[in-house]
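> The following block contains the structure, expressed as structure tokens.
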Amino acid sequence: MPIREALPEDAAGIAAVHVLSWRAAYRDLLPGPYLDSLDVEERTATWRARLTALERSAVLVETGPDERVRAFSCFRAWPDDGFDRRTTAELAALYALPEVWGSGVGRALLAASAEALVAAGFRTAALWVFAGNARGRRFYEAAGWRADGKAVREETGGRMLEELRYRKDLFS
């Protein structure tokens with residue numbers, strides 16, 4: 001499975017994965033009209049800006065045999081005072097097209113992301129996952145991530161949802 005750093009020309013592929021994965025993964029968590037309103041063109045502009053910014057998060061993509069983006073991850077130093085930014089990273093996003101769920105693409109991308117974080121000097125990583133996202137939670141737990149007891153409630157798509165923070169020692 002080819003995994004590489006994302007390029008600005010990957011913005012449309014990343015945006016498509018982002019929108020299609022949200023629509024499938026969060027169908028039971030978020031209102032249908034909100035999910036249906038997610039716009040690939042709008043997300044493409046957002047991702048292009050992110051991928052060309054001077055100070056940007058790291059983004060990896062997995063491409064299939066046709067070199068089409070099938071999954072992506074995005075990570076950075078922890079964004080607030082909760083952890084030491086020099087040693088703790090945030091896995092801000094990891095999404096895959098629904099058609100590749102269960103194929104190993106996500107596991108390979110998560111492993112490559114962890115390797116990149118270690119190479120960048122991080123010792124631990126954390127992420128947020130919707131409490132109601134059972135599939136996502138099983139995925140992270142199978143890879144050794146654990147809820148650390150921190151939870152927040154935030155509004156997404158007009159609905160209040162609980163998010164759980166998961167952490168992982170990158171050297172375990």
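The values are calculated or read from the model by the stated rules, or taken from the named source; none is laboratory data. From a predicted model like this one, the values you see are computed outputs, not experimental measurements. So basically every Cβ, Gly included, is an ideal-geometry build from the backbone, and we count neighbours across all protein chains shown. To get the accessible areas, we keep the full protein, side chains included, count just its heavy atoms, and leave off ligands, DNA and RNA. Shrake-Rupley method; radii C 1.70, N 1.55, O 1.52, S 1.80 Å.
> Among the residues of the range 68-79, is any touching a residue at least 24 places away in the same chain (Cβ under 8 Å), charged (D, E, K, R) and open to solvent by 60 Å² or more (accessible area, probe 1.4 Å)?
yes
> Can I ask one more? Considering only residues that are farther than 22 Å from Thr156 by Cα and within 16 Å of the chain's Cα centre (by Cα), look in the range 37-56 and name the one that is least open to solvent (accessible area, probe 1.4 Å).
Leu51
> Considering only the range 99-111, state which residues are open to solvent by 20 Å² or more (accessible area, probe 1.4 Å) and in contact with a strand residue (DSSP E or B) (Cβ under 7 Å, 6 or more places away or on another chain).
Within the range 99-111, Ala108 is the sole residue that qualifies.
> Moving on. Mind checking which pairs have a first residue in the range 116-131 that is in contact (Cβ under 8 Å) with a residue 60 or more places away in the chain and a second that is open to solvent by 20 Å² or more (accessible area, probe 1.4 Å) and among the small types (Gly, Ala, Ser), Cβ under 8 Å, 6 or more apart or different chains?
Ala120/Ala58
> All but one of (1) in contact with a helix residue (DSSP H, G or I) (Cβ under 6 Å, 6 or more places away or on another chain); (2) surrounded by 17 or more Cβ atoms within 10 Å (Cβ to Cβ); (3) more than 21 Å from Arg4 (Cα to Cα) hold for Gly157; state the number of the condition that does not hold.
Gly157 satisfies every listed condition except (2).
> Which is among the small types (Gly, Ala, Ser) and modelled with pLDDT of 95 or more, of Ala53, Ala92, Ala77?
Ala92 is the lone residue from the list that is among the small types (Gly, Ala, Ser) and modelled with pLDDT of 95 or more.
> Right, next: Return a yes/no flag: does the range 109-118 have any residue that is within 16 Å of the chain's Cα centre (by Cα), modelled with pLDDT of 95 or more and under 20 Å from Val19 (Cα atoms).
Within the range 109-118 (the criterion being within 16 Å of the chain's Cα centre (by Cα), modelled with pLDDT of 95 or more and under 20 Å from Val19 (Cα atoms)), the answer is yes, since at least one residue qualifies.
> I would also like to ask the following. Filter the range 1-34 for residues that are in a helix (DSSP H, G or I) and over 17 Å from the mean Cα position of the chain (by Cα); which is surrounded by the most Cβ atoms within 10 Å (Cβ to Cβ)?
My answer is Tyr34.
> Give the number of residues within the range 123-143 that are open to solvent by less than 30 Å² (accessible area, probe 1.4 Å) and closer than 22 Å to Arg76 by Cα.
7
> Further, regarding this structure: With respect to Glu141, determine if the residue is in a strand (DSSP E or B), among the acidic types (Asp, Glu) and more than 17 Å from Glu90 (Cβ to Cβ).
No, not satisfied.
> Any residue at all in the range 86-98 that is exposed (fewer than 13 other Cβ atoms within 10 Å of the Cβ) and free of Cβ contacts under 8 Å to residues at least 12 places away in the same chain?
Checked against the condition, which is being exposed (fewer than 13 other Cβ atoms within 10 Å of the Cβ) and free of Cβ contacts under 8 Å to residues at least 12 places away in the same chain, the range 86-98 yields no hits at all.
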